[in-house]
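**Student:** This is the structure I want to talk about, given as structure tokens.
The values are calculated or read from the model by the stated rules, or taken from the named source; none is laboratory data. Please read all numbers here as calculations on a predicted model, not as lab measurements. Backbone-built Cβ (ideal geometry, glycine too); neighbour counts: all protein chains shown.
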Amino acid sequence: MIFWRALRRVGVAFVLLLAIAGALGAIYFDHLFPFDLAREPGFTTKFHLSRLKDDPARCMAALDRADVNYVRVPPLEREEGCGYADAVRLQNSSVNYGGGVSLRCPAMLALLLWERHVLLPAAQRHFDQKPASIHHLGTYACRPIAGRSGRRLSQHAFANAIDIASVTLGGETVSVLHDWDDAGVKGQFLRELRAGACGIFSAVLSPDYNAAHANHFHFDLGRWSVCR
């Protein structure tokens, strides 16, 4: 009886130690494994990005290590609950976004990860060329989901999302609106872009989700996980 009671106490202590170690590991994950944009997305990518939401300094250090050309954006707070405190503006990249793109730092890391490890390889594989530009529909907008009154705020209200409408390669544009249902290379390319995004972002919405996304992909780093 004494033996089993002692063993039970040891077991409880061991479980507590594991819990503490896990909590500390989550807090200091980026200290142990600094985020690297050159690293292929994997099973820890989403968790890693989630940890950086609470550590803007380490998030921006990851951008610095990758020599990303960016500037910090002044904090914004609005009475409606919209705003951001850790946004950055991408000055330029290997793909032209049509001007500076502003996102919360972790969302910017996610976008660049998608650009480097999903978009560029897919463009090379399907079209044998590098994409010249991306047409997006915006990142920050103080509004509820789908712009409908009474719904919770969209991730766009926190500069935590981007909507991608099309990709231009050379003189040819691949559009979500016009090419999503294409049975050939354009449709395959777009589906590969969505599939790759699902391994990086929390929420990835496409025309398969609803009619409101017929003309774009929605990528965000919110709390809810969905890939459609």
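**Student:** For segment 173-224, which residues satisfy the criterion of being among the small types (Gly, Ala, Ser) and either surrounded by 22 or more Cβ atoms within 10 Å (Cβ to Cβ) or not assigned by TED's automatic domain parsing to the domain that holds Asp128 (or both)? Spell out the reasoning first.
**Tutor:** Step one: of segment 173-224, the residues among the small types (Gly, Ala, Ser) are 175, 183-184, 187, 195-197, 199, 202-203, 206, 211-212, 214, 222.
Answer for segment 173-224, where residues must be among the small types (Gly, Ala, Ser) and either surrounded by 22 or more Cβ atoms within 10 Å (Cβ to Cβ) or not assigned by TED's automatic domain parsing to the domain that holds Asp128 (or both): Ala197, Ser202, Ser206.
**Student:** For segment 148-165, give me each residue that is crowded, with 20+ Cβ neighbours inside 10 Å and within 27 Å of Gly187 (Cβ to Cβ).
**Tutor:** Here is the first cut: in segment 148-165, the residues crowded, with 20+ Cβ neighbours inside 10 Å are 154-164.
Gln155, His156, Ala161, Ile162, Asp163, Ile164, listed by residue number.
**Student:** Which numbered condition in (1) in contact with a Gly (Cβ under 7 Å, 6 or more places away or on another chain); (2) within 27 Å of Gly81 (Cβ to Cβ) is the only one that Ile162 fails?
**Tutor:** The number of the failed condition is (1).
**Student:** Scan (1) at pLDDT 95 or above; (2) touching a strand residue (DSSP E or B) at 6+ places or on another chain (Cβ under 9 Å) for the single condition Ile145 breaks and write down its number.
**Tutor:** If we test Ile145 against (1) at pLDDT 95 or above; (2) touching a strand residue (DSSP E or B) at 6+ places or on another chain (Cβ under 9 Å), just (1) comes out false.
**Student:** Just one of the numbered conditions (1) at pLDDT 95 or above; (2) surrounded by 13 or more Cβ atoms within 10 Å (Cβ to Cβ); (3) under 24 Å from Ser154 (Cα atoms) is not true of Leu63; which one?
**Tutor:** Unmet condition: (3).
**Student:** Among the listed residues Ala146, Ala123, which satisfies the condition of being in contact (Cβ under 8 Å) with a residue 60 or more places away in the chain and more than 15 Å from Asp220 (Cα to Cα)?
**Tutor:** On inspection, the qualifying residue turns out to be Ala123.
**Student:** Next up: Scan segment 178-198 and give yes if some residue there is assigned to a loop (DSSP other than H, G, I, E, B) and either in contact with a strand residue (DSSP E or B) (Cβ under 9 Å, 6 or more places away or on another chain) or closer than 20 Å to Arg104 by Cα (or both), otherwise no. Before the answer, list the steps.
**Tutor:** Residues of segment 178-198 that are assigned to a loop (DSSP other than H, G, I, E, B), as a first pass: 180-184.
Pick out the ones that are also either in contact with a strand residue (DSSP E or B) (Cβ under 9 Å, 6 or more places away or on another chain) or closer than 20 Å to Arg104 by Cα (or both) and you get 182.
For segment 178-198, residues assigned to a loop (DSSP other than H, G, I, E, B) and either in contact with a strand residue (DSSP E or B) (Cβ under 9 Å, 6 or more places away or on another chain) or closer than 20 Å to Arg104 by Cα (or both): present.
**Student:** Right, here's the next one. Residue by residue through segment 148-168, note down the ones that are modelled with pLDDT of 95 or more and not in a helix (DSSP H, G or I). It would help to see each step written out before you state the result.
**Tutor:** Going through segment 148-168, the residues modelled with pLDDT of 95 or more turn out to be 153-168.
Selection gives Leu153, Ser154, Ala159, Asn160, Ala161, Ile162, Asp163, Ile164, Ala165, Ser166, Val167, Thr168.
**Student:** Something else: Quick check: anything in segment 116-139 aromatic (Phe, Trp, Tyr), part of a helix (DSSP H, G or I) and surrounded by fewer than 21 Cβ atoms within 10 Å (Cβ to Cβ)?
**Tutor:** Step one: of segment 116-139, the residues aromatic (Phe, Trp, Tyr) are 127.
Subset that is part of a helix (DSSP H, G or I): 127.
Going one step further and asking which of them are surrounded by fewer than 21 Cβ atoms within 10 Å (Cβ to Cβ), we end up with 127.
The answer is yes, given that some residue of segment 116-139 is aromatic (Phe, Trp, Tyr), part of a helix (DSSP H, G or I) and surrounded by fewer than 21 Cβ atoms within 10 Å (Cβ to Cβ).
**Student:** If we keep just the residues of segment 43-72 that are touching a residue at least 40 places away in the same chain (Cβ under 8 Å) and assigned to a loop (DSSP other than H, G, I, E, B), which is farthest from Arg104 (Cα to Cα)?
**Tutor:** Within segment 43-72, the first condition is being touching a residue at least 40 places away in the same chain (Cβ under 8 Å), and the residues that meet it are 45-46, 49-50, 52-53, 56, 59-60, 62-63, 66, 68.
Then drop every residue that is not assigned to a loop (DSSP other than H, G, I, E, B), which leaves 53, 66, 68.
On the way: Lys53: 8, Ala66: 17, Val68: 14 Å.
Among residues in segment 43-72 that are touching a residue at least 40 places away in the same chain (Cβ under 8 Å) and assigned to a loop (DSSP other than H, G, I, E, B), the one farthest from Arg104 (Cα to Cα) is Ala66.
**Student:** Just one of Ala165, Ala159 is in contact with a strand residue (DSSP E or B) (Cβ under 6 Å, 6 or more places away or on another chain), small (Gly, Ala, Ser) and on the phi > 0 side of the Ramachandran plot; which is it? Full working, then the answer.
**Tutor:** Numbers: Ala165 fails: on the phi > 0 side of the Ramachandran plot.
Checking each option against the conditions leaves just Ala159.
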